[in-house]
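Presented below is the structure to which this report refers.
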Amino acid sequence: MGLWNFVKTAGKSLFGAAEAAEPDADTLKKEIEELGLDAKGLDISVEGDKVKVTGDAVSQEMKEKVILAVGNVEGVAAVEDDVQGGDPVFHTVEKGDTLWAIASKTLGNGARYEEIFEANKPMLKHPDKIYPGQVLRIPQD
């Protein structure tokens with residue numbers, strides 16, 4: 001349970017040019033569904049630029065992926081999670097970061113970058129397609 005900060009101006013844009021830049025719960029739920037994530041047991045609500053995720057996730061992995069799926073959306077500044085389970089380990093991508101460098105820093109071995117890539121699917125489609133401000137899951141043993 002915690003509050004996770006995201007870069008409000010970074011992230012996936014789910015809106016057309018004429019639409020407001022703050023997401024609503026229905027738009028975020030649709031994004032979760034389109035990513036193929038199992039959000040059964042979770043409730044998503046929006047208060048301004050903060051998203052609240054409550055309920056019981058099907059797994060710790062799914063909890064973390066849902067937090068990232070809604071947090072890495074343009075217009076979201078924070079995700080408050082009130083879901084059972086441990087606290088996730090996240091890393092915010094900085095300018096110049098690569099998955100190799102992130103794996104070296106967080107997992108102690110750059111060659112483990114594929115573990116980070118796999119832990120962030122389906123949000124990540126290619127290991128070289130990360131951007132500053134993006135938040136990634138760091139898998140734990």
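The values are calculated or read from the model by the stated rules, or taken from the named source; none is laboratory data. Fair warning: this is a prediction, and the values are worked out from it, not measured in the lab. When we count neighbours, we look across all protein chains shown, and the Cβ atoms used for this are built from the backbone with ideal geometry, even at glycine. All accessible areas refer to the heavy atoms of the entire protein, side chains included, with ligands and DNA or RNA removed. Shrake-Rupley method; radii C 1.70, N 1.55, O 1.52, S 1.80 Å.
Evaluation of Asn72 against the conditions (1) surrounded by fewer than 19 Cβ atoms within 10 Å (Cβ to Cβ); (2) modelled with pLDDT of 90 or more shows that the sole unmet condition is (1).
Applying a threshold of 7 Å to beta carbon distances and a minimum spacing of six or more residues, or different chains, the list of pairs starting in the stretch 112-131 at a residue that is within 16 Å of Glu94 (Cβ to Cβ) and ending at one that is open to solvent by 80 Å² or more (accessible area, probe 1.4 Å) and outside any loop (DSSP other than H, G, I, E, B) reads Tyr113/Trp100. The residues of the stretch 124-141 that are closer than 21 Å to Glu34 by Cα and buried (at least 18 other Cβ atoms within 10 Å of the Cβ), listed by number, are Leu124, Ile130, Gln134, Val135, Leu136, Arg137.
Restricted to the stretch 99-121, and to residues there that are of a type in the set (S, T, N, Q) and open to solvent by less than 70 Å² (accessible area, probe 1.4 Å), the residue that is nearest to Val66 (Cα to Cα) is Asn120.
The residues of the stretch 1-53 that are open to solvent by less than 70 Å² (accessible area, probe 1.4 Å), in a loop (DSSP other than H, G, I, E, B) and modelled with pLDDT of 85 or more, listed by number, are Phe6, Val7, Pro23, Leu35, Gly36, Leu37, Asp38, Ala39, Gly41, Gly48, Asp49.
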